[in-house]
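Take a look at the structure set out below.
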Amino acid sequence: MREVLTIEVGQAGIQLGNAIWEQYCAEHAIDNAGKRKENSGKDDSFKVFFEETGSGQFVPRNLAVDLEPNVIDDVKNGPFAAMFFHPEFLVHGKEDATNNFARGHYTIGKQIIDKVNDRLRKLVDNCDNVMGFFIGHSVGGGTGSGLGALILERLAVDYRKKPKIGFEIYPSPNLSTCVVEPYNALLATHWLLDHTEVSLLLDNEGHLRNLPRNNYELPSQM
């Protein structure tokens, strides 16, 4: 079996991951407790993204990382909490990057990068043959851009021959949460060009544009 590991960085990356895991579970007939429906067939392709525990539970091959604990706490208490069987794969620090690439990459991020690498090695050790990595993050915020770039840098050293595919949420002029988003995105893009084989560019405004204009309110932060 060849496996794919998913790394979610920052609030946007973790929220994006939540939506992705919900779709994976629906596609492979896995419920919120990590149990597979009995009539789901013998196809085992889902094991690319899920690991089976000794109790027959299927848990995501996933590492969620944030510099502050609030979003990680939401995951621990959310609908898929039972699937994340061990808290060591939900990594957080004590303070956020305050929308600053340098804090996420050079200061606060450096304080937890060794822990991130250790947890990632454990995920890799649980695999037969890692095919590659998915990385989900925003490049407008300090954590997604700065820490995301730092993680990509370490992946390039430790897993040089494994493909890295990024899902990057870029800033939108009408949905901006801070004035430095373009600078964070510019700095992060430098690392993306060097350390990802493929980047899929997303933006919140583009998705909202597809919704009926009168049926939604613009959120204060995405």
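Coordinate-derived values only; no laboratory data. In this text, all values refer to a predicted model and were calculated from it rather than measured experimentally. Cβ: placed from backbone, ideal geometry, glycine included. Neighbour counts: every protein chain shown.
Below is a table of values for the structure above.
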{"item": "Rounded to whole Å, sorted largest first: equivalent-ellipsoid semi-axes of segment 36-195, Cα gyration tensor", "result": "29, 18, 16"}
{"item": "Column: log10 I(q)/I(0), Debye, Cα scatterers of segment 121-212, q = 0.11, 0.12, 0.14 Å⁻¹", "result": "-0.35, -0.41, -0.54"}
{"item": "Rg and Dmax [Cα atoms of segment 1-47; Å; Rg one decimal, Dmax integer]", "result": "12.3, 37"}
{"item": "Point-to-point label distance, LYS76-ASP31, nm (Cα→Cβ direction, 7 Å offset)", "result": "2.5"}
{"item": "Rg/Rh (Cα only; Kirkwood hydrodynamic radius) as it applies to segment 153-194", "result": "1.09"}
{"item": "Qualifying GluC sites (Glu not before Pro) in segment 100-206, DSSP loop, other Cβ atoms within 10 Å at most 13", "result": "GLU197"}
{"item": "Distance in nm between pseudo-label sites at ASP128 and ASP44 (7 Å out along the Cβ direction from Cα)", "result": "0.6"}
{"item": "Part-to-part distance (alpha-carbon centres) for segment 104-142 and segment 11-61, which is given in Å", "result": "20"}
{"item": "10 Å binning of all Cα-Cα separations within segment 102-159, expressed as whole percents from 0 upward", "result": "22, 53, 22, 3"}
{"item": "Placed amide H near SER138: partners under 5 Å, 5+ positions off or other chain", "result": "ALA12, GLY13, GLY144, ILE169"}
{"item": "Anisotropy class of segment 23-114 from Cα gyration tensor, a/c 1.5 cut", "result": "prolate"}
{"item": "Spin-label model distance (nm) - VAL4 vs LYS94, 7 Å beyond Cα toward Cβ", "result": "3.8"}
